[in-house]
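Only the coordinates and a few stated rules stand behind these numbers; no lab work does. Quick caveat: nothing in here was measured; it's all calculated off a predicted structure. All Cβ positions, even for glycine, are placed from backbone atoms using ideal geometry, and neighbour counts span all protein chains on display.
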Amino acid sequence: MGLKDAPELEPVQRNTLLYSLIIPAYNEEENILPTVREMAAALRAEGIPFELVIVNDHSRDHTEEVIREASTTFPEIRLVRNPLPGGLGRAVRCGLSHFSGEAVAIVMADLSDEPRDVVAYYRKLEEGYDCVFGSRFMKGSTVKDYPRVKLFVNRLVNHMLRVLFLTHHNDLTNAFKAYRRHVIESISPLRAAHFNITIEMSLSALIRRYSIAAIPINWYGRTWGSSNLRLKDMGRRYLATLLKVWFEWILIRDDLMLENRPRE
């Protein structure tokens with residue numbers, strides 16, 4: 001039996017959900033201010049209440065100084081430091097332990113994610129969806145400057161995930177997704193330390209059969225710096241996370257389903 005989205009939706013009044021953006025930042029001194037500026041402008045223009053939870057992940061450059069200076073212009077910024085060893089997964093987990101909103105999205109600090117897609121996620125959550133999974137590989141999406149080798153591996157891994165989890169979602173490895181707070185509470189505690197946090201979050205929500213909206217999104221290659229994703233280091237971590245969630249789905253889905261509703 002395949003995984004299907006839960007059918008019941010409870011729409012909310014427009015612009016009433018506090019929207020938290022979790023932005024992990026490692027050596028992003030050139031990218032973080034443009035990212036903050038563009039995200040804040042888009043959300044302010046729509047009247048969406050928001051906060052920017054920026055996690056300094058042991059940056060060795062002037063990232064933290066840039067963030068502190070930006071906070072004088074953007075009071076929505078909440079700067080936190082990752083107390084654990086460095087790694088995207090640990091930085092995201094740190095941010096998720098500090099956000100205040102009823103809606104949360106994971107956004108990269110390098111301008112690869114588009115502000116209008118951040119807004120589109122919020123609007124889908126307002127419609128009553130529990131999660132929003134953007135896809136860079138569906139009709140209406142745009143992808144620019146994606147390294148060919150990483151693109152090939154991405155499509156291979158996502159095809160495997162679709163087969164294993166019997167789902168139509170085709171971009172489960174992308175970190176840029178949005179969730180209601182009760183989903184984050186249900187899938188916690190998260191354990192992934194690096195980029196495998198992407199599939200730990202998305203697959204954990206998927207197997208609990210939360211209602212998930214799939215929409216096309218745009219993705220742009222970095223304009224400064226280099227990605228911290230190293231394919232040769234990630235294989236074993238992705239495999240460990242994949243197997244953990246798959247066995248949860250196969251063996252204890254009944255227990256998981258008891259916890260997939262908002263807590264009173």
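General remarks:
- As a rough guide to protection, the peptides 185-195, 63-73 ranked by mean Cβ packing within 10 Å, highest first, stand as 185-195, 63-73.
- Among ILE23, ILE32, ILE252, the largest mean-square fluctuation in a Gaussian network model of the chain (Cα springs under 10 Å) belongs to ILE252.
- Estimated distance in nm for a label pair at HIS182 and LEU258, the labels positioned 7 Å out from Cα along Cα-to-Cβ: 1.8
- Förster-model FRET efficiency, 45 Å R0, ILE215 and LEU239, C-beta, rounded to 0.05: 0.95
- Fraction of the pair-distance distribution of segment 111-260 above 21 Å, Cα-Cα pairs, percent: 44
- For the chain, with +1 on Lys and Arg beta carbons and -1 on Asp and Glu, the positive-most of ASN158, SER20, THR63 along the dipole: ASN158
- The HN-Hα couplings worked out from phi for segment 105-117 by the Karplus form 6.51 cos²θ - 1.76 cosθ + 1.60 (θ = phi - 60°) are 10, 9, 10, 6, 8, 10, 6, 6, 9, 8, x, 5, 6 Hz, whole numbers, x standing for Gly and Pro.
- Across the chain, the relative contact order, built from alpha-carbon pairs under 8 Å that are at least six residues apart, equals 24 percent.
- Evaluating 6.51 cos²θ - 1.76 cosθ + 1.60 at θ = phi - 60° for every residue in segment 57-67, the Karplus couplings come out as 9, 6, 4, 9, 10, 9, 3, 5, 4, 5, 5 Hz, glycine and proline recorded as x.
- Among THR241, THR142, THR35, the largest mean-square fluctuation in a Gaussian network model of the chain, built with springs joining Cα atoms closer than 10 Å, belongs to THR142.
- Computed over neighbours whose Cβ is under 12 Å from that of PHE176, the net charge equals -3, Lys and Arg +1, Asp and Glu -1.
- Net charge in the neighbourhood of THR72 (other residues with Cβ under 15 Å of its Cβ; Lys, Arg +1, Asp, Glu -1) is -1.
- Over 24 Å (Cα to Cα) - which of LYS124/LYS244; LYS139/LYS177; LYS177/LYS244; LYS150/LYS177 fall in this group: LYS124/LYS244
- Length added when fully stretched, SER141-VAL80, from 0.36 nm per residue minus Cα-Cα: 18.7 nm
- Extension gain for TRP246-GLU10 works out to 82.1 nm (0.36 nm per residue, less the C-alpha to C-alpha distance).
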